[in-house]
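Below is one structure, written out as structure tokens; the observations come after it.
The values are calculated or read from the model by the stated rules, or taken from the named source; none is laboratory data. Quantities reported herein were computed from a predicted structural model and do not represent experimental measurements. Here the Cβ positions follow ideal geometry from the backbone for every residue, glycine too, while neighbour counts run over all protein chains shown. Remember, those area values only see protein heavy atoms, side chains included, never the ligands or the DNA or RNA. Shrake-Rupley method; radii C 1.70, N 1.55, O 1.52, S 1.80 Å.
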Amino acid sequence: MREGMQEQGIDLRTEEGIYNRFVQEIRDRGDVLIERLLVGYFVFGLFLSMFYDTWFLGLSVGGLLLVLYFLAKKMFPNTSLNQYVASGVFGVFMGQYIYQMHGLFEMHFFAFISATILITYQNWKIQIPLAIVIVLHHAVFGYLQYLSFSTGSESSVYFTQLDYMDMQTFMFHCGLAVLILLICAKWAMDLQKRTLNTSRNMVEIERMSDVMTRNLEFASMLASGEEVEKLELHAQDDYMGMTLNQIHTRLSEK
């Protein structure tokens, strides 16, 4: 990974270079975790197929979602598109589970599980596709279930285990879901800021290390009696360098 960044002209010793290195490591770890979970979600969908004989749904929708994610990653490498696709895919998996289990309320919790998992990318924007899918799914299927109940239709629309979700319950339900996603987005932002601060600290440590090494080399040459020019100071807080220059001046005057 470092070799690839160096080929792109990124200096790993600069603040931007160190931050980009951290971001790439976060993305790589996140992709591994997300891909394992997506496969796990697909397998879980097959498990749910046993309850109401929804094998076609579990295989077709689940398989299509996996293909969509890996296709996006393959066609657009070195971008974050696959992360946004994964976010939307998690939302669709939630809708699939709800339908497979005939509106079982506990399947809605997968929205919160997915939102928490996406924090690993340290990018609050990744929560947006999941939020859109959740709101659209709840609005469309909630309305269709209400319409089916009110018209006495024989077609089955599975959204909740109730006859339908009234507007008050719907507003609380969606409001709390969005609130949890906002909290997860805030956590992702905080982690991203910490990563940026860590990269800044590492740059400062690298700078101090370089200054210390240069000062020690200069001191060694002074001690051996070599003729050297004064140190070129690159920082106002290089007090050791200033002291060495004063020693150099006094030795030169003798």
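Using only DSSP helix segments of four residues or longer, with each worth -39500 (n - 2.57), what per-residue ellipticity at 222 nm results for the chain after dividing by its residue count and rounding to 500?
Numbers: 8 runs with 190 residues, N = 254.
Rounded to the nearest 500, it is -26500 deg cm²/dmol.
What FRET efficiency comes out for THR151 versus ASP53 if R0 is 22 angstrom and r is the Cβ-Cβ distance? Round to the nearest 0.05. Walk me through the numbers before you get to the answer.
On the way: r = 26 Å, r/R0 = 1.20.
So, using R0 = 22 Å, E works out to roughly 0.25.
Quick one: how many lysine pairs in the chain have C-alpha atoms under 19 angstrom apart, if they're 8 or more apart or on different chains? Walk me through the numbers before you get to the answer.
On the way: LYS73/LYS125; LYS125/LYS186; LYS125/LYS193; LYS230/LYS254.
Eligible lysine pairs with Cα atoms under 19 Å apart amount to 4.
In the neighborhood of PHE70, defined by Cβ-to-Cβ distances under 14 Å, what is the net charge if each Lys or Arg adds +1 and each Asp or Glu adds -1?
For residues surrounding PHE70, the net value is +1.
What's the center-to-center distance, using Cα atoms, between region 70-109 and region 129-169 in Å?
19 Å
Which of the listed residues, LEU182, ASN201, ALA139, is farthest toward the dipole's positive end in the chain, when Lys, Arg count +1 and Asp, Glu count -1 at the beta-carbon?
The residue sitting farthest along the positive end of the dipole is ALA139.
Top mean-square fluctuation among GLU229, GLU25, GLU204, Gaussian network model of the chain, C-alpha springs under 10 Å?
Result: GLU229 has the largest fluctuation of those listed.
Over the chain, calculate the relative contact order: mean separation of alpha carbon pairs under 8 Å at least 6 apart, over the residue count, as a percent. Don't skip to the end; give the middle numbers.
Working: 225 pairs, mean separation 46.0, N = 254.
For the chain, the relative contact order is 18 percent.
Given a Förster radius of 30 Å and the C-beta distance between SER209 and VAL32 as r, what FRET efficiency does 1/(1 + (r/R0)^6) yield to the nearest 0.05? Working shown, then result.
Values: r = 32 Å, r/R0 = 1.07.
After rounding to 0.05, the efficiency reads 0.40.
Where Lys and Arg each count +1 and Asp and Glu each count -1, what net charge lies around SER220 among other residues with Cβ under 12 Å from its Cβ? Working shown, then result.
On the way: positive: ARG214; negative: GLU217, GLU226.
Every neighbour counted, the sum reads -1.
For LYS193 paired with SER60, estimate the spin-label separation in nm (one decimal), with each label point 7 Å from Cα along the Cα-to-Cβ line.
4.7 nm
Give me the number: length gained by fully extending LYS186 to SER80, i.e. 0.36 nm times residue separation minus the C-alpha to C-alpha distance, one decimal in nm. Working shown, then result.
Numbers: separation 106, 0.36 × 106 = 38.16 nm, distance 1.90 nm.
Roughly 36.3 nm would be gained on extension.
Work out, step by step, the length gained on full extension between ILE113 and ASN201: first 0.36 nm times the residue separation, then minus their alpha carbon distance; give nm to one decimal.
Working: separation 88, 0.36 × 88 = 31.68 nm, distance 3.30 nm.
Contour length minus Cα-Cα distance gives 28.4 nm.
Could you work out which residue, out of LYS230, LYS186, LYS74, moves most in a Gaussian network model of the chain, that is, has the largest mean-square fluctuation with Cα springs under 10 Å?
LYS230
Quick one: net charge of ASP31's neighbours, Cβ under 14 Å, K/R +1, D/E -1?
Working: positive: ARG27, ARG29, ARG36, LYS73, LYS74; negative: GLU25, ASP28, GLU35.
Local net charge: +2.
With every protein chain left in place, what is the accessible area per residue of region 35-137 in square angstrom, probe 1.4 Å? Kindly include the intermediate steps, with their values, before the conclusion.
Numbers: 4840 Å² over 103 residues.
Value for region 35-137: 47 Å² per residue.
Taking only Cα atoms and a 10 Å spring cutoff, compute GNM fluctuations for the chain and point out the largest among SER224, SER114, SER153.
SER224
Among [x] 1, 5, 8, 11, 15, 17, 16, 13, 8, 4, 2, 0, 0; [y] 1, 5, 11, 14, 15, 12, 10, 9, 8, 7, 4, 2, 1, 0; [z] 1, 6, 10, 12, 12, 10, 9, 7, 6, 5, 4, 4, 4, 3, 3, 2, 2, 1, 1, 0, 0, 0, find the value of P(r) over Cα pairs in 5 Å bins from 0, in percent that was calculated from the structure presented, and write down its label.
Looking at P(r) over Cα pairs in 5 Å bins from 0, in percent for this model, the match is [z].
For the chain, give the percent of accessible area contributed by carbon and sulfur heavy atoms, probe 1.4 Å, rounded to a whole number. Kindly include the intermediate steps, with their values, before the conclusion.
Details: 9650 of 15380 Å².
That share works out to 63 percent.
Please compute the length gained on full extension between VAL43 and THR169, using 0.36 nm multiplied by the number of residues separating them and subtracting their Cα-Cα distance. Working shown, then result.
Values: separation 126, 0.36 × 126 = 45.36 nm, distance 3.14 nm.
Once the chain is fully extended between VAL43 and THR169, it gains 42.2 nm.
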